[in-house]
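Data first, discussion second: the structure below is written as structure tokens.
The values are calculated or read from the model by the stated rules, or taken from the named source; none is laboratory data. Keep in mind the model is a prediction, meaning the values are calculated, not measured. Note that each Cβ is placed from the backbone with ideal geometry, even for glycine, and that neighbours are counted across all protein chains shown.
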Amino acid sequence: MRSPKDFFAPLAVGAPEPLRQIPVPPSRMIHFFDPSNEKMAAKVPDIAKKVDVLLGNLEDAVRADRKEAARNGLVAIAKSTDFGKTQLWTRVNSLDSPWVLDDLITLVTEIGDKLDVIMVPKVEGAQDIHYVDRLLAQLEARAGLTKPLLVHAILETASGVANVEEIAGASPRMQGISLGPADLAASRRMKTTRVGGGHPGYLVRTDPTGEDLNEGRTTYQQDLWHYTVARMVDACAANGILPYYGPFGDIRDVVACEDQFRNAFLLGCVGAWSLHPVQIDIAKKVFSPSPEDVAWARRVIAEMGDGTGAVMIDGKMQDDASVKQCRVVAELADALAA
Ligand code: GLV
Ligand code: MG
């Protein structure tokens with residue numbers, strides 16, 4: 001049976017680090033669509049050509065009286081569409097909802113061979129992943145599937161964040177984790193009503209005494225999600241799975257969206273959700289390393305020879321650790337070019 005780890009290519013290149021893995025195929029943007037929306041569904045074959053991952057959403061943003069239509073719509077689309085190299089994922093309803101059992105039974109039975117990953121929302125701890133894991137094993141066996149479905153958790157409850165390490169390692173099916181900033185904000189009783197992104201009130205001021213060079217009142221917005229994203233990245237890296245930033249709700253604010261995606265990329269995330277076609281290109285740009293960064297990384301790798309010792313390049317010290325950083329960038333570029 002194929003292991004979920006087959007989704008990842010170990011990054012050999014002479015480096016002895018077993019956990020440095022990146023996705024094959026890439027998953028820079030997980031593009032959400034509502035399969036109950038006929039207009040949106042009609043665009044799926046075209047959108048599929050532009051994205052790394054297409055996700056049929058059954059959970060939040062689909063009205064309660066459209067749940068069945070969304071489930072059946074996804075089955076119909078999956079059966080009638082050639083997705084090429086694009087991965088097909090779904091987000092099922094949460095484990096405490098009346099819909100999730102039918103979601104899993106129907107999808108695995110009808111299109112289990114077409115789906116790559118099942119995104120599970122509002123995961124609270126390892127027990128939620130264990131439940132899905134066992135159910136999937138039963139349904140896969142009944143449907144005669146030979147390729148195990150992978151599981152992706154959304155980190156969007158306070159308990160989920162407290163248990164993120166055990167969630168990341170809860171099953172060999174675990175593919176990755178996404179931050180869910182909207183539900184997480186509510187669960188934590190944060191005071192932002194935005195879907196992801198910053199908040200103008202959450203800032204750092206320069207020293208109010210004026211004893212600074214910027215005359216005391218310059219403010220900088222901070223990243224509200226820094227702590228959670230960093231924790232999620234560590235939990236994922238330690239377990240060999242992939243971290244993602246989730247949704248950015250202000251579709252018109254392409255600058256803030258790019259900023260939020262880039263913060264996540266720099267912290268270690270491999271992708272983000274796109275909720276609108278305009279966010280597809282933002283994610284593609286942000287989650288692909290820039291040609292300048294790749295050129296620099298390749299130069300350091302070349303000049304570091306066997307990767308040990310230290311060299312000065314343009315006045316900057318490079319050593320065994322910095323060459324590993326450069327390999328992360330170069331290998332991501334290679335994987336995306338493959
Ligand atoms: C996503 O599901 C979120 O709650 O932000
Ligand atoms: Mg949510």
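Taking region 51-124 and the strands (runs of 3 or more DSSP E) fully enclosed by it, the elements with 3 or more residues that are surrounded by 19 or more Cβ atoms within 10 Å (Cβ to Cβ) and touching a Phe, Trp or Tyr at 6+ places or on another chain (Cβ under 8 Å) are at 53-57, 117-120. Count of region 36-70 residues, restricted to those that are touching a Ser or Thr at 6+ places or on another chain (Cβ under 6 Å), of a type outside the set (A, V, I, L, M) and more than 19 Å from Asn93 (Cβ to Cβ), is 2. Residue check: Asp250 meets all listed conditions (1) more than 16 Å from ligand 1 (Cβ to nearest atom); (2) within 22 Å of Gly201 (Cα to Cα); (3) among the acidic types (Asp, Glu) but one, namely (1). Return the residues of region 220-229 that are assigned to a helix (DSSP H, G or I) and surrounded by fewer than 15 Cβ atoms within 10 Å (Cβ to Cβ); say none if nothing qualifies. Across region 220-229, the qualifying residues are His226, Tyr227.
If I ask for residues that are more than 16 Å from ligand 2 (Cβ to nearest atom) and among the charged types (D, E, K, R), which ones from region 73-108 would you list?
Lys79, Asp82, Lys85, Asp102
Residues that are small (Gly, Ala, Ser) and either under 25 Å from Ile241 (Cα atoms) or modelled with pLDDT of 95 or more (or both) within region 27-55 comprise Ser27, Ser36, Ala48, listed in sequence order. Considering only residues that are more than 8 Å from ligand 1 (Cβ to nearest atom) and assigned to a strand (DSSP E or B), which ones fall in region 177-194? If the condition is that a residue be more than 8 Å from ligand 1 (Cβ to nearest atom) and assigned to a strand (DSSP E or B), then Ile177 is the only one that fits.
If the condition is being within 15 Å of Thr90 (Cβ to Cβ), touching a residue at least 60 places away in the same chain (Cβ under 8 Å) and in a loop (DSSP other than H, G, I, E, B), then region 149-176 contributes only Arg173.
If you check Asn72, Asn93 for being modelled with pLDDT of 95 or more and within 16 Å of ligand 1 (Cβ to nearest atom), only one passes: Asn93. Among residues of region 193-219 that are among the charged types (D, E, K, R), those with a Cβ under 8 angstrom from a residue that is in a loop (DSSP other than H, G, I, E, B) and at pLDDT 90 or above, sequence gap 6+ or separate chain, pair up as Arg194/Gly249; Arg194/Asp250.
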